[in-house]
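Participant: Before anything else, here's the structure in question.
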């Protein structure tokens, strides 16, 4: 049974989510039971993960003492917690925080107020995606080498520093060499959401990724009006 931690200082929201994830009454709740634990402040959350690691974290952005973005950065910088699936809980209209969270490695976000059933659906989707870790450890195309286990990229033998999302984007493209991937498909797989009206996020990341790969950035081909692919 997946273990989920929720870091949320609003008592009403936290208790509602805890109740829902423990299993609601009725046919719609079938198969949605989780082991859950809630935290109203970051200090208690940090104390808990010292001894017991969860399978997924629901993380509010606005928190007392330490905001969710800062917590996300710390989780992604530590070897034992960097692979935690994380869903950010954000206020309506906070686009900058959502984009920042996704770029730093959050797997998804959900905007308050939210439907409990939608939240459960998002959690299941993230757990399914992150549970599929049987990807090729090493991917090579031309002079570009990507090692998923070590989380490194080399071009002509030289290490290239990529952001978390740039790495995932390159990995997804290289895993599907020769296949044209639409912007929507890239968005839903790499960012884990249908980010309406923001497919330019993909274009921006492709641009910076090409720049960092230098002359080898040409392995990423643009397919007009469709998307992108690696290779011919």
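The values are calculated or read from the model by the stated rules, or taken from the named source; none is laboratory data. Small disclaimer: the values here were computed from a predicted structure and weren't measured. Glycine also receives a Cβ, built like all others from the backbone with ideal geometry; neighbour counts cover every protein chain displayed.
Participant: Take the residues in segment 156-178 that are over 24 Å from residue 79 (Cα atoms) and touching a strand residue (DSSP E or B) at 6+ places or on another chain (Cβ under 6 Å); name whichever of them is surrounded by the most Cβ atoms within 10 Å (Cβ to Cβ).
Facilitator: The qualifying residue surrounded by the most Cβ atoms within 10 Å (Cβ to Cβ) is 173.
Participant: So, in segment 71-92, exactly how many residues are touching a residue at least 12 places away in the same chain (Cβ under 8 Å) and either part of a loop (DSSP other than H, G, I, E, B) or surrounded by fewer than 16 Cβ atoms within 10 Å (Cβ to Cβ) (or both)?
Facilitator: Here the count works out to 9.
Participant: Taking segment 1-12 as the region of interest, how many residues are surrounded by fewer than 18 Cβ atoms within 10 Å (Cβ to Cβ) and either over 22 Å from the mean Cα position of the chain (by Cα) or modelled with pLDDT of 85 or more (or both)?
Facilitator: Qualifying residue count, segment 1-12: 5.
Participant: Continuing with the same structure: For residues that are part of a helix (DSSP H, G or I) and surrounded by 13 or more Cβ atoms within 10 Å (Cβ to Cβ), scanning just segment 24-43, find the one that is modelled with the lowest pLDDT.
Facilitator: Only one residue tops the list, namely 29.
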